[in-house]
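What follows is a set of notes on a single structure, which appears directly below.
The values are calculated or read from the model by the stated rules, or taken from the named source; none is laboratory data. These numbers come from a predicted model, not from an experiment. Note that each Cβ is placed from the backbone with ideal geometry, even for glycine, and that neighbours are counted across all protein chains shown.
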There are 2 protein chains.
Amino acid sequence: MTLPRRAHPRPLDLKTGRVDLTHGGGGRAMAQLVEELFIKGFDNEALNQRNDQAAFDVPAGRMVMTTDGYVISPLFFPGGDIGSLAVHGTVNDVAMAGAVPLSLSAGFIIEEGFPLADLKRIVDSMAKASRDAGVPVVTGDTKVVEKGKGDGIFITTAGIGMVPAGVVISGDRAKPGDAILISGTMGDHGVAVMSQRESLGFETAILSDSAALHTMVAEMVAAVPGIHVLRDPTRGGLAATLNEIASQSGVGMLMEEALVPVKPEVRGACELLGLDPLYVANEGKLICICPEADAETLLAVMRAHPLGVDAARIGACRADTHHFVQMKTAMGGMRVVDWLAGEQLPRIC
Amino acid sequence: MTLPRRAHPRPLDLKTGRVDLTHGGGGRAMAQLVEELFIKGFDNEALNQRNDQAAFDVPAGRMVMTTDGYVISPLFFPGGDIGSLAVHGTVNDVAMAGAVPLSLSAGFIIEEGFPLADLKRIVDSMAKASRDAGVPVVTGDTKVVEKGKGDGIFITTAGIGMVPAGVVISGDRAKPGDAILISGTMGDHGVAVMSQRESLGFETAILSDSAALHTMVAEMVAAVPGIHVLRDPTRGGLAATLNEIASQSGVGMLMEEALVPVKPEVRGACELLGLDPLYVANEGKLICICPEADAETLLAVMRAHPLGVDAARIGACRADTHHFVQMKTAMGGMRVVDWLAGEQLPRIC
């Protein structure tokens, strides 16, 4: 019996090609996409096993697991893109438990017709963010939906990490008297994305702060293992995140507007766009709530790290059966900083 | 200073309500959705921590991690829905390493306007599948995209599990002489979905085989720790999956068509729909490749499990530098069972 020689497919056309439904169909086209784009881009031992799951050794201990979907629009924005964001955001959610991130998974949902060149740019950016963070993307999945049933590309990453012994960081641990610290300026990410979306040309480009915070967190946890709460103020910004923590911990909070660092250009853009920087998403900042006695140590650790140079103490927790977050305004008054009631910025992450 | 009492929101309208952009905005509406639908539905200790990540203890050892996106259309099909499928599929990808699944994450991407009643139905089904499998959904995320930028709901789950000591199951371990077993009939899932999609009313309802295979795998691994390969033939079906394994392991395969179990009603529907059952997706079946000496033991273990009653030996691996998968046809001829070249069934999982 003579067997036909199996045709070798031509390499993917990464300049003018487009994703089609066969790339999600489980056949040869999908295998080629996975091989030439994903495995080549993310290149690591676990992914190279080419199984439907990645295997690696873990020590005994306290593990954390997290996931986030990324549906940001536009896909490319000043200071980042959906690929780097999908790494930073999930690394940060692992780090906010005080944990050391171990590995990531990535699920891609791609709209038919999406340019392969854009996909490659996103995968390359994601792979670079993953290498820079030292957290490999060990396993993945690709699905393709028909044109008009998606929006370019959505990425869902999951991450796992190990919590150092003795560290118990959780949103329900804030106590009256605890200091509230933030690691830098508020609102950069949301404003960068909104400027791009609205095609606003500001004189000074505003860049997203998208960054992986786990190395700074590792230094913070090493200096003060007894940190009570860490959380990154993403969707809903500082205001929503403080309200979440206040509600989880059953405390009130009092902050001072004048102490919250906001870049002048971000403040200006917020005025123009009708946004309040307290409600605008960040992707490379954290809130830290700790015993008052540890506040200065933690501020010093943050300020010594490139991602924490603008770290500031913005207020304190206090007993309040209503769990209100209140703020002394720059004008000297007091106001309640409530949850965001309606929609502020859809698809900001 | 008098503070306004915080208004208590009305409960979600799970009968006639719809998802809107505020449900993904990071504010109060999202918190309500998460609390009343997801935390209530999935109810488990880790999720109840209400943090952006779940924490739990793990033993030292070999861990596996996997992810899959689910974009199936229609969302509800005979024998399951996108919720149960998103649990079964990812539990199975963990189990195909011979691992014991520990926990799942779930990322939801929902189109604006999606009925809350459908979302609740999906979450309830997912929660039931998770409870039945004993694998909790410990962490999650919700994003909402504008109407026309998605298609109802997409779910991406990730899963982790622990591999028992001494077990090394991987797609590159098939060897010439190994037996090829499958755990049951081929094509049920794909045909069930296609019948629903094409509104075909068959006399006998064809149900998806969607099921979690980890308990059967645990029994197989306990009986034969030296299994070489396990894989679930999902997208691309038996044909694509065998080709993947052949290529990864560098072997050829010879199977017999008459030995592959296919339900008569599935065979009939395939003829009507112009499908080849060998290429149709399964969601509750596995392929097992093992040393010839272990084949009968494994067949007996599978057949004793409710999900493996139709288990069959369908062929063997052999030396072949071309890594061809060949089949003795029912007519007595030979043909190459190639990868699927184009698209067969988009959005089947």
Task: Residues of region B:83-100 classified as crowded, with 24+ Cβ neighbours inside 10 Å and not in a helix (DSSP H, G or I), total - done: 4
Open item on the list: Tell me yes or no: at least one residue of region B:185-199 is away from chain A (no Cβ under 14 Å), under 30 Å from B:Arg121 (Cβ atoms) and free of Cβ contacts under 8 Å to residues at least 60 places away in the same chain.
Closed with: yes
TODO: Determine if region A:79-88 includes at least one residue that is under 11 Å from the mean Cα position of the chain (by Cα), polar (S, T, N, Q), under 20 Å from B:Gly159 (Cβ atoms) and modelled with pLDDT of 95 or more.
DONE: no
TODO: Scan region B:268-294 residue by residue and report those that are farther than 23 Å from A:Asp52 by Cα and modelled with pLDDT of 95 or more.
DONE: B:Glu292, B:Ala293, B:Asp294
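To keep it simple, each residue is scored yes or no on (1) outside the structural domain of B:Gly69 (by TED's automatic domain parsing); (2) surrounded by fewer than 24 Cβ atoms within 10 Å (Cβ to Cβ); (3) over 21 Å from A:Lys143 (Cα atoms).
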| position | (1), (2), (3) |
| --- | --- |
| B:Ser170 | yes, yes, yes |
| B:Gly187 | yes, no, no |
| B:Leu200 | yes, yes, yes |
| B:Ile206 | yes, no, yes |
Task: Complete set of residues in region A:291-312 that are closer than 30 Å to A:Tyr70 by Cα and either assigned to a helix (DSSP H, G or I) or of a type outside the set (Val, Ile, Thr) (or both) - done: A:Met302, A:Arg303, A:His305, A:Pro306, A:Leu307, A:Gly308, A:Asp310, A:Ala311, A:Ala312
Open item on the list: I'm trying to understand the selection: among the residues of region B:253-262, which are surrounded by fewer than 20 Cβ atoms within 10 Å (Cβ to Cβ), in contact (Cβ under 8 Å) with a residue 60 or more places away in the chain and of a type outside the set (Val, Ile, Thr)?
Closed with: B:Leu254, B:Glu256, B:Glu257, B:Ala258, B:Pro261
TODO: Name the one entry in B:Val309, B:Val336, B:Val325 that is within 19 Å of B:Tyr279 (Cβ to Cβ), touching a residue at least 24 places away in the same chain (Cβ under 8 Å) and among the hydrophobic types (A, V, I, L, M, F, W, C).
DONE: B:Val325
Task: Residue in region B:234-280 that is farthest from the other protein chains (Cβ to nearest Cβ), counting only those that are assigned to a loop (DSSP other than H, G, I, E, B) and charged (D, E, K, R) - done: B:Lys263
Open item on the list: Exactly one condition in (1) part of a helix (DSSP H, G or I); (2) more than 10 Å from chain A (Cβ to nearest Cβ); (3) over 21 Å from the mean Cα position of the chain (by Cα); (4) crowded, with 17+ Cβ neighbours inside 10 Å is false for B:Thr22; which is it?
Closed with: (2)
Task: Output for region B:124-141, where each listed residue is crowded, with 21+ Cβ neighbours inside 10 Å and out of contact with any Gly (no Cβ under 6 Å at 6 or more places or on another chain) - done: B:Ala129, B:Ser130, B:Ala133, B:Val135, B:Pro136, B:Val137, B:Val138, B:Thr139, B:Gly140
- [ ] Return the only residue of B:Asp13, B:Asp57 being facing chain A (nearest Cβ under 10 Å), at negative phi and either part of a loop (DSSP other than H, G, I, E, B) or among the charged types (D, E, K, R) (or both).
- [x] B:Asp57
Open item on the list: Among the residues of region B:173-184, are any over 20 Å from B:Ser249 (Cβ atoms), touching a residue at least 24 places away in the same chain (Cβ under 8 Å) and in contact with a Gly (Cβ under 7 Å, 6 or more places away or on another chain)?
Closed with: yes
Open item on the list: Please go through (1) part of a loop (DSSP other than H, G, I, E, B); (2) modelled with pLDDT under 95; (3) surrounded by 22 or more Cβ atoms within 10 Å (Cβ to Cβ) for B:Ile72 and return the number of the only condition it doesn't satisfy.
Closed with: (2)
Task: Condition broken by B:Lys143, with the remaining ones in (1) more than 9 Å from chain A (Cβ to nearest Cβ); (2) closer than 28 Å to A:Ser103 by Cα satisfied - done: (1)
Open item on the list: Restricting to region B:85-129, count the residues that are among the small types (Gly, Ala, Ser) and away from chain A (no Cβ under 14 Å).
Closed with: 4
